């Protein structure tokens, strides 16, 4: 995670955006009125998807079961 202030962000905006996009770096920008966060669209979409999946009743438990499953627990599925 990278921290900066608004002045440095203005001076180096392209570098901060590139860092967020290329390296999934999260950039925190400190201002007098509060802080803001810059993150890549890919990172944002991942967070939104995670929030959506964990909002479905029982989905969190099913995902945890899936993470702990072995190959022997899996069923071969034909489309």
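The table that follows gives values for the structure above.
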read-out: Residue in region 43-64 that is in contact with a strand residue (DSSP E or B) (Cβ under 7 Å, 6 or more places away or on another chain) and either assigned to a strand (DSSP E or B) or surrounded by 10 or more Cβ atoms within 10 Å (Cβ to Cβ) (or both) present; value: no
read-out: Within region 18-29, considering residues that are surrounded by 15 or more Cβ atoms within 10 Å (Cβ to Cβ) and more than 14 Å from residue 44 (Cα to Cα), the one nearest to the chain's Cα centre (by Cα); value: 19
read-out: Hey, residue 67 at pLDDT below 95 and either in a helix (DSSP H, G or I) or surrounded by fewer than 13 Cβ atoms within 10 Å (Cβ to Cβ) (or both) or not; value: yes
read-out: The listed residue being at positive phi and either in contact with a helix residue (DSSP H, G or I) (Cβ under 9 Å, 6 or more places away or on another chain) or modelled with pLDDT of 95 or more (or both), out of 30, 24, 18; value: 24
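The values are calculated or read from the model by the stated rules, or taken from the named source; none is laboratory data. Quick caveat: nothing in here was measured; it's all calculated off a predicted structure. Counting neighbours? That spans all protein chains shown, and the Cβs are built from the backbone with ideal geometry, glycine included.
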